[in-house]
1. Tally up the residues in segment 59-77 that are open to solvent by 10 Å² or more (accessible area, probe 1.4 Å), among the hydrophobic types (A, V, I, L, M, F, W, C) and out of contact with any Asp or Glu (no Cβ under 7 Å at 6 or more places or on another chain), please.
2. Might you let me know whether segment 42-53 holds any residue that is within 19 Å of S158 (Cα to Cα), outside any loop (DSSP other than H, G, I, E, B) and within 15 Å of the chain's Cα centre (by Cα)?
3. T236 - would you say it is modelled with pLDDT of 95 or more, of a type outside the set (A, V, I, L, M, F, W, C) and more than 21 Å from Y11 (Cβ to Cβ)?
4. Taking segment 226-242 as the search range and keeping residues that are surrounded by fewer than 18 Cβ atoms within 10 Å (Cβ to Cβ) and within 15 Å of V209 (Cα to Cα), which one is farthest from the chain's Cα centre (by Cα)?
5. Spot the failing condition for Y21; the list is (1) under 22 Å from L237 (Cα atoms); (2) out of contact with any Leu (no Cβ under 6 Å at 6 or more places or on another chain); (3) open to solvent by 10 Å² or more (accessible area, probe 1.4 Å); (4) touching a residue at least 60 places away in the same chain (Cβ under 8 Å), and only one is missed.
6. Given (1) at pLDDT 95 or above; (2) within 21 Å of L237 (Cα to Cα); (3) not hydroxyl-bearing (S, T, Y), identify the lone condition not met by D170.
7. Only one of (1) open to solvent by 40 Å² or more (accessible area, probe 1.4 Å); (2) over 16 Å from the mean Cα position of the chain (by Cα); (3) among the hydrophobic types (A, V, I, L, M, F, W, C) fails for V127. Which number is that?
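The values are calculated or read from the model by the stated rules, or taken from the named source; none is laboratory data. Since this is a predicted model, take the numbers as computed values, not measurements. Heads up, the Cβs are rebuilt from the backbone with ideal geometry, glycines too, and the neighbour counts pull from every protein chain shown. These accessible areas exclude ligands, DNA and RNA; they are computed on the full protein's heavy atoms, side chains included. Shrake-Rupley method; radii C 1.70, N 1.55, O 1.52, S 1.80 Å.
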Amino acid sequence: MGYAGNDGGLYFASHTGPKIYREEEWFAISDNFFDYMGFNAVEEGFYTSGHPSADSDMLNPLGIQKSTDGGKSLEHIAFEGETDFHAMAVGYTSQDIFLLNPEENSLLKPGFYKSNDKGETWEAVNVNGLEGEVSGLALHPQDSSLVAAATSTGIYVSEDGGKNFGRVTDETDQGTAVFYSEDSLFYASYGTSASLIKYTIESKKEEVVTLPELPQDSVAFIFQNPNNSKEIALYTLKGKAFLTKDNAKTWLPLLNERNVQ
C-alpha cells in the first residue's frame, strides 16, 4: 500500500493487480491482473514481486519488477522466474532495496541483502538481534542506514543498515507493520489490542496515534502521504482500509460492499 508516483492515487496491492483510491473513488487496471507481493510505493511508481496472471507470458514468479505507469507495464529488475519476495523494503526517494531472500536462487543464498543501485548489484547483510518471523520491512525514504522490521516477536529498528537491530516493543507484543516517513517511524503492534506509535527521529519522542476501532484486529500496512503529513492510510489484518486527513483525529473507512476490492 502507498502513494505510488505523483498521480495522487493511494495504491493497494492485491492478488489481481493494483486497486487505486483517488479523489474518493476506486479504480482498477484493465490488464496485467498480477498477484502482487512485496509491494513498495516510490516517488516514481512502485516496486513489486509476486506472480503473473495465467494469461501472461512473463516468467513465474515475477522476481522484482518496477512500474512507472500505474501497473500498465512492468520493468524487469532482477530474479524473474526465480523468487517471490514477500519481505522487501524500498526507499521512497533513494530506491535502495533491503530484502529477505527466502530460498537460494541463481545469485543469492537465503538471508538478508541490500542493493544501493536499484537492484543491479547485491550485498549480503549479516543481521544481528532480529528475532521471530518477519512480516514487514521498512527503509527510510533517503537514509538507508535506518531499517525497521515487524516480526512475530515485536518491532525492531536498526541504525546501521540492518546489521544490528534492537527491539522497541514489549516482549509480549507482536509486530504487525512498519513505515518510515522523512522525519518519523510509524510502527504497529498487537498485545492485548492494536497499537500504533509515531517515533520522531530527531527528538526521539514517541506518541500514540489514535486508531479507528479495530476489535480483534491490527494494522497490517501503514503509509503517510509524502505531500501531506496529516494524511495517513491504514490496512488491517482483517481486510479493512482507513484514511485520515486530519492527523488521526477522524478516520474514513474506504471499503464497503460496493467498493472495488
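1. Number satisfying all stated conditions: 2.
2. For segment 42-53, residues within 19 Å of S158 (Cα to Cα), outside any loop (DSSP other than H, G, I, E, B) and within 15 Å of the chain's Cα centre (by Cα): absent.
3. So T236 does not fit the description; no.
4. Here the answer is K230.
5. Failing condition for Y21: (2).
6. (1)
7. Of (1) open to solvent by 40 Å² or more (accessible area, probe 1.4 Å); (2) over 16 Å from the mean Cα position of the chain (by Cα); (3) among the hydrophobic types (A, V, I, L, M, F, W, C), only one is false for V127: (1).
Condition check ((1) in contact (Cβ under 8 Å) with a residue 40 or more places away in the chain; (2) in contact with a Ser or Thr (Cβ under 7 Å, 6 or more places away or on another chain); (3) more than 19 Å from S195 (Cβ to Cβ)) across all residues:
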{"residue": "E123", "(1), (2), (3)": "no, no, yes"}
{"residue": "N128", "(1), (2), (3)": "no, no, yes"}
{"residue": "G132", "(1), (2), (3)": "yes, yes, no"}
{"residue": "P141", "(1), (2), (3)": "yes, yes, yes"}
{"residue": "S145", "(1), (2), (3)": "no, no, yes"}
{"residue": "S158", "(1), (2), (3)": "no, no, yes"}
{"residue": "V168", "(1), (2), (3)": "no, no, no"}
